[in-house]
Number of protein chains: 2
Amino acid sequence: MKHCTILLMLLVAFGASAQKFDLAKTPPMGWNSWNTFACNIDEKLIRETAEHMVSSGMRDAGYVYVNIDDCWHGERDSLGFIQPDPVRFPSGMKALADYVHSLGLKLGIYSDAGTKTCAGYPGSRGYEYQDALTYARWGIDYLKYDWCNTDSLNPAEAYKTMRDAIYAAGRPMVLSICEWGDNEPWRWGKEIGHLWRTTGDIHLCWDCELGFGTWSKWGVLNILDKQEGLRKYAGPGHWNDPDMLQVGNGLTAAQDRAHFSLWAMLAAPLMAGNDIRSMSDQTREILTNREVIAINQDELGIQCYRMLSEGQLQVFVKPLANNEVAILFLNRGDTALNLDFDWKKFTVNDGMTGRYHDFNQQTFKLRDLWEKAEAGTTAAPLKKMLPAHDVLMLRLTAM
Amino acid sequence: MKHCTILLMLLVAFGASAQKFDLAKTPPMGWNSWNTFACNIDEKLIRETAEHMVSSGMRDAGYVYVNIDDCWHGERDSLGFIQPDPVRFPSGMKALADYVHSLGLKLGIYSDAGTKTCAGYPGSRGYEYQDALTYARWGIDYLKYDWCNTDSLNPAEAYKTMRDAIYAAGRPMVLSICEWGDNEPWRWGKEIGHLWRTTGDIHLCWDCELGFGTWSKWGVLNILDKQEGLRKYAGPGHWNDPDMLQVGNGLTAAQDRAHFSLWAMLAAPLMAGNDIRSMSDQTREILTNREVIAINQDELGIQCYRMLSEGQLQVFVKPLANNEVAILFLNRGDTALNLDFDWKKFTVNDGMTGRYHDFNQQTFKLRDLWEKAEAGTTAAPLKKMLPAHDVLMLRLTAM
């Protein structure tokens, strides 16, 4: 009887996965227009961004989705089919998708479960099947589906309607549940979408003055702290989404590194939110650090847990495939701190996954993923100066 | 301040009414295919029924809606637009609507807020705007919108989506909220639809063995008793719907009279549910009793209240325009009873409407609406034998 139940659960899990076109087995990576451009978008920006995704090395580092956020919309035609803004997207979405695809990239679009999008453009409520069919015909690969102007809709049901509309349209699309966390999408999102937001929008700040709930100003640390308790909901095909990246938009270099490293550790979708066309070498180097990206894209898809929180220091652990481990040391404080970390006093002991490593029994060699250099082993205590708002990110491989 | 509030309420009421195309100012009247034919429907049945609505005098008595219930559906086309079953409705819905309109009647159709209708045909979930547009293009005048296969949709929001889709389609349609009462549609239906069901489906019985909730077998008396407390929610443009009529389907003549009289008193939509093509003279005479219908269609649109419940006798009062009153004596029991009703001991005292008549101060003449004859006045006690399951229905006019 018990075996039957487990078999049934496996079948259900497999069915659901196949149903979702088996997308996003690792956290999706790409770019989104909102953080830098908000409503100032047009097809020229999207085309140029796509071109620079290739020339900058972003594509080859894994960033394949080029995602148009709010404000692309024109009006619905007489049959109710949505049209792009004819001034901003005069060539139409199909041509844009064809071009983006020709560069080896994928195109994402945005809509909303309510009557209007957050910026006031036509929402998909009551038009779900028409909209999904339209996106499929255009060649869209990814839908970010927002939650403005939804009155008292049941969130899980509203997202299920769009999921089923996408299935009916027949084209594989990643479905990004942009519900902001108020209705705990981690509890119901797994069978519906591939990722779900956990907070309100990210703002360009390290540690923001918080406001009220969804409408708070969420900075890097605020979002980080909100991930507590959510890791068990994430895994291949269904991810917690701490929102898009602010890397390159004005944080300090240390903060950008920390932000990117944390998102990698969180197994978060990595959606660049900067102007790819004009990014600095420093920004490009952060976003395309393949060793950090590899931590994010590890095939096990396990979100990190916090091993230690002591004063301004926090230490995060992410179990990786092949018994490797990523460990991140974060200095949350405004002053440098001197790390003196005796591995022997700690164990990797992850109740969720059963992963256990005792540094007294086994020695790991360390690789510093930002220095891109070997950094000793766990046999000796780790001693290092960690600047304010910076991180030390290590990959541990058993010797 | 108080006057401003009242003015504002009037403006709001007027706005809402105008928004709903100002339909169903009195309870809608017509015919529906379900009670007799269930899924055994086709365009021939609808056309013949429409013809007999005219020849039988039903139309001229006020029954203008010819409503197709579940099972008319074919499949959706490649753009998602629903088609009628090509075998059952080979001429298409537009041609059928044109024919029905040519007879001075209106055509109603059926859909469902969920993924499938109750009989398993395509539901409108996620297709609301397309479906409303399709109905409008066909020339549909009335939509019965059911509640099967709705998972955890929020009912008010699901019906609002279809309401807004109908508004967008631009053709006036009565919206019948067929939610069965579990989510108390009387609390939210007024601004959304023109009528809402209060119970599960009516069955062909006087007093059924009840089951569980929605899936109970609801007979005439069971539905009657469920109206307790609901009258305050009804009025012009927004009606409690105790479901369609079973008159002519197999109840006794007394029960048919009582059922019809009660629905008239309840200001209920009067939707015949029998085979109009072959109805008996007795059935036709009940359904087309213009004096009873006039009580139902009274312009004030006030649902009756129960003045008295004593043993097997119940007495219902419906305030009418021009200070007239309808009073119904119902014998719920299985044996005849001898009415001996001393008007002087009772007052019409309706707290909801403020209507007050003291029979000691004012005498009314009585008209028996089934005998179609004068029946004395309220000056003397009413003495009459009332057979089992039968009614005495009086119209009172001040002398």
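When B:MET279, B:MET244 are checked against the criterion of being open to solvent by 10 Å² or more (accessible area, probe 1.4 Å), under 16 Å from the mean Cα position of the chain (by Cα) and closer than 24 Å to B:CYS39 by Cα, B:MET244 stands alone in meeting it. Condition test on A:ILE202, is it closer than 16 Å to A:LEU23 by Cα, assigned by TED's automatic domain parsing to the domain that holds A:LYS106, at pLDDT 95 or above and of a type in the set (Val, Ile, Thr)? Spelling it out, it is not the case that A:ILE202 is closer than 16 Å to A:LEU23 by Cα, assigned by TED's automatic domain parsing to the domain that holds A:LYS106, at pLDDT 95 or above and of a type in the set (Val, Ile, Thr). Assessment of the stretch A:210-218 against the conditions (in contact with a strand residue (DSSP E or B) (Cβ under 8 Å, 6 or more places away or on another chain) and open to solvent by 10 Å² or more (accessible area, probe 1.4 Å)) yields at least one matching residue. Checking the stated criteria, A:GLY126 turns out not to satisfy the condition of being surrounded by fewer than 23 Cβ atoms within 10 Å (Cβ to Cβ) and among the small types (Gly, Ala, Ser). Every condition in (1) in a strand (DSSP E or B); (2) open to solvent by less than 20 Å² (accessible area, probe 1.4 Å); (3) of a type outside the set (D, E, K, R); (4) farther than 26 Å from A:ALA272 by Cβ holds for A:MET393 except the one numbered (4).
Results for (1) within 16 Å of B:GLU128 (Cα to Cα); (2) of a type in the set (Ser, Thr, Tyr); (3) in contact with a helix residue (DSSP H, G or I) (Cβ under 6 Å, 6 or more places away or on another chain); (4) assigned by TED's automatic domain parsing to the domain that holds A:HIS52, shown as yes or no for each residue.
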residue: A:GLY80; (1), (2), (3), (4): yes, no, yes, yes
residue: A:PRO84; (1), (2), (3), (4): no, no, yes, yes
residue: A:GLY92; (1), (2), (3), (4): no, no, no, yes
residue: A:LYS116; (1), (2), (3), (4): yes, no, no, yes
residue: A:TYR121; (1), (2), (3), (4): no, yes, no, yes
residue: A:ASP131; (1), (2), (3), (4): yes, no, no, yes
residue: A:TYR145; (1), (2), (3), (4): no, yes, yes, yes
residue: A:CYS148; (1), (2), (3), (4): no, no, no, yes
residue: A:GLU179; (1), (2), (3), (4): no, no, yes, yes
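Taken over the stretch A:89-119, the criterion of being open to solvent by 40 Å² or more (accessible area, probe 1.4 Å) and within 14 Å of chain B (Cβ to nearest Cβ) is satisfied by A:THR115, A:LYS116. Being under 15 Å from B:TRP263 (Cβ atoms) and touching an Asp or Glu at 6+ places or on another chain (Cβ under 7 Å) holds for only one residue in B:ILE295, B:ILE286, B:ILE302, and it is B:ILE286.
Cβ-Cβ distances below 7 Å connect the following pairs, each with a first residue in the stretch B:183-200 that is of a type in the set (Gly, Ala, Ser), a second residue that is outside any loop (DSSP other than H, G, I, E, B) and open to solvent by less than 10 Å² (accessible area, probe 1.4 Å), and a separation of six or more residues or different chains: B:GLY189/B:ILE177; B:GLY189/B:TRP196; B:GLY193/B:TYR159; B:GLY193/B:LEU175; B:GLY193/B:SER176; B:GLY193/B:ILE177. Taken over the stretch A:357-390, the criterion of being surrounded by 13 or more Cβ atoms within 10 Å (Cβ to Cβ) and free of Cβ contacts under 8 Å to residues at least 12 places away in the same chain is satisfied by A:GLY376 alone. Among residues belonging to the stretch B:353-376 that are under 31 Å from the mean Cα position of the chain (by Cα) and aromatic (Phe, Trp, Tyr), point out the one that is nearest to B:LEU328 (Cα to Cα). Of everything passing the filter in the stretch B:353-376, B:TRP370 is nearest to B:LEU328 (Cα to Cα). Of note, B:GLY193 satisfies the criterion of being open to solvent by less than 20 Å² (accessible area, probe 1.4 Å), in contact with a Ser or Thr (Cβ under 8 Å, 6 or more places away or on another chain) and not assigned by TED's automatic domain parsing to the domain that holds B:ASN331. Condition check: surrounded by fewer than 24 Cβ atoms within 10 Å (Cβ to Cβ) and more than 23 Å from B:LEU45 (Cβ to Cβ). Does B:ALA136 satisfy that? Considered against the rule, which asks whether it is surrounded by fewer than 24 Cβ atoms within 10 Å (Cβ to Cβ) and more than 23 Å from B:LEU45 (Cβ to Cβ), B:ALA136 comes out as yes.
To keep it simple, each residue is scored yes or no on (1) within 21 Å of the chain's Cα centre (by Cα); (2) open to solvent by 40 Å² or more (accessible area, probe 1.4 Å); (3) outside the structural domain of B:ASN40 (by TED's automatic domain parsing).
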{"site": "B:ALA272", "(1), (2), (3)": "yes, no, no"}
{"site": "B:GLU285", "(1), (2), (3)": "yes, yes, no"}
{"site": "B:GLY311", "(1), (2), (3)": "no, yes, yes"}
{"site": "B:GLY333", "(1), (2), (3)": "no, no, yes"}
{"site": "B:ALA336", "(1), (2), (3)": "no, yes, yes"}
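Within the stretch A:59-67, does at least one residue satisfy the condition of being open to solvent by less than 20 Å² (accessible area, probe 1.4 Å) and free of Cβ contacts under 8 Å to residues at least 60 places away in the same chain? So far as the stretch A:59-67 goes, yes, one or more of its residues are open to solvent by less than 20 Å² (accessible area, probe 1.4 Å) and free of Cβ contacts under 8 Å to residues at least 60 places away in the same chain. Could you tell me which residue of the stretch B:247-260 is most open to solvent (accessible area, probe 1.4 Å), considering only residues that are in contact with a helix residue (DSSP H, G or I) (Cβ under 8 Å, 6 or more places away or on another chain) and of a type in the set (S, T, N, Q)? If we take residues in the stretch B:247-260 being in contact with a helix residue (DSSP H, G or I) (Cβ under 8 Å, 6 or more places away or on another chain) and of a type in the set (S, T, N, Q), then B:ASN249 is most open to solvent (accessible area, probe 1.4 Å). Just one residue in the set B:LEU210, B:LEU224 is outside any loop (DSSP other than H, G, I, E, B) and within 22 Å of B:ASP334 (Cα to Cα); that residue is B:LEU224. Listed by position, the strands (runs of 3 or more DSSP E) contained in the stretch B:261-337 that have at least 1 residues being touching a helix residue (DSSP H, G or I) at 6+ places or on another chain (Cβ under 9 Å) and hydrophobic (A, V, I, L, M, F, W, C) are B:270-272, B:313-319, B:325-331.
The values are calculated or read from the model by the stated rules, or taken from the named source; none is laboratory data. Computed from a predicted structure; not experimentally measured. No Cβ is skipped: glycine too gets one built from the backbone with ideal geometry, and neighbour counts run over all protein chains shown. Heavy atoms of the whole protein, side chains included, go into the accessibility calculation; ligands, DNA and RNA do not. Shrake-Rupley method; radii C 1.70, N 1.55, O 1.52, S 1.80 Å.
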